[in-house]
Amino acid sequence: MNNLFTVKWSVWAIVAAAILRPVNASSFDNATLYSPNNSVPISPTRSTLPWQRWPVVGDATLRWGPWVIYDSELRTPNGRYHHQDSQLALVIKYQRNIENEDLLTATDEQWQHLGIQAGKRAKWLRMLAQIWPDVKQGDRLIFVLQDRQGVFYQDNRQIGIISDPEMARSFINIWLSPQTAYPDIRRQLIGQS
């Protein structure tokens, strides 16, 4: 983490929230899809993951100065967002290398912002530490909320399940809660800008 361009994730989040710009959704359209065992490329029309066929509600880019941190998009089965939706997918395509530890720190800070109790945060972060990899530029982490649980994918490979409905909803609320620290990203993701 001694790289000149590597800045703690929390600093990126604070600065970037003020300078967000929409992302071109086509950046996701050309992603290579893989079979569930991640060995055989498949075409988007043969995808076995339902969220991949869901229409995009909105998209956003998190920037820090001239650097793009990630591009994101929200998908739902009908392409519209309602705050009580029980099925949605948040796709984040990273444009920088970010260590697992920095992702966890940023998540903890956002949960603090949303008023999640310290004990719950600590428990949930231990779970996420077992799921999340370090991400490299071009990696996609996808969170799919469905049937009151959350499923994490790295690109198209499932990497973890969150069976606690409160934790799953609290994770997606980092971006979608009206109290989010990222109101511009929220507006763009839910299609209001």
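The values are calculated or read from the model by the stated rules, or taken from the named source; none is laboratory data. What you are looking at is a predicted structure, and each value in this text was computed from that prediction instead of being measured. Please note: Cβ atoms are built from the backbone with ideal geometry, for glycine as well, and neighbour counts cover all protein chains shown. All accessible areas refer to the heavy atoms of the entire protein, side chains included, with ligands and DNA or RNA removed. Shrake-Rupley method; radii C 1.70, N 1.55, O 1.52, S 1.80 Å.
Hey, does the range 140-155 have a residue that's of a type in the set (D, E, K, R), at pLDDT below 95 and open to solvent by less than 40 Å² (accessible area, probe 1.4 Å)? No; the residues of the range 140-155 include none that is of a type in the set (D, E, K, R), at pLDDT below 95 and open to solvent by less than 40 Å² (accessible area, probe 1.4 Å). Can you find, within the range 163-193, the residue that is nearest to residue 112 (Cα to Cα) among those that are assigned to a helix (DSSP H, G or I) and open to solvent by 40 Å² or more (accessible area, probe 1.4 Å)? Residue satisfying both the conditions and the ranking: 173.
Do we have residue 95 as surrounded by fewer than 21 Cβ atoms within 10 Å (Cβ to Cβ), touching a residue at least 24 places away in the same chain (Cβ under 8 Å) and more than 23 Å from residue 163 (Cβ to Cβ) here? Against the criterion (surrounded by fewer than 21 Cβ atoms within 10 Å (Cβ to Cβ), touching a residue at least 24 places away in the same chain (Cβ under 8 Å) and more than 23 Å from residue 163 (Cβ to Cβ)), residue 95 qualifies. Might you check whether a residue that is within 23 Å of residue 61 (Cα to Cα), in a helix (DSSP H, G or I) and in contact with a helix residue (DSSP H, G or I) (Cβ under 7 Å, 6 or more places away or on another chain) occurs anywhere in the range 141-157? There is no residue in the range 141-157 that is within 23 Å of residue 61 (Cα to Cα), in a helix (DSSP H, G or I) and in contact with a helix residue (DSSP H, G or I) (Cβ under 7 Å, 6 or more places away or on another chain). For residue 148, indicate whether it is touching a residue at least 40 places away in the same chain (Cβ under 8 Å) and under 14 Å from the mean Cα position of the chain (by Cα). Judged against the criteria, residue 148 is not a match.
If you filter the range 111-139 down to residues that are outside any helix (DSSP H, G or I) and among the aliphatic types (A, V, I, L, M), you find that the one that is least open to solvent (accessible area, probe 1.4 Å) is 135.
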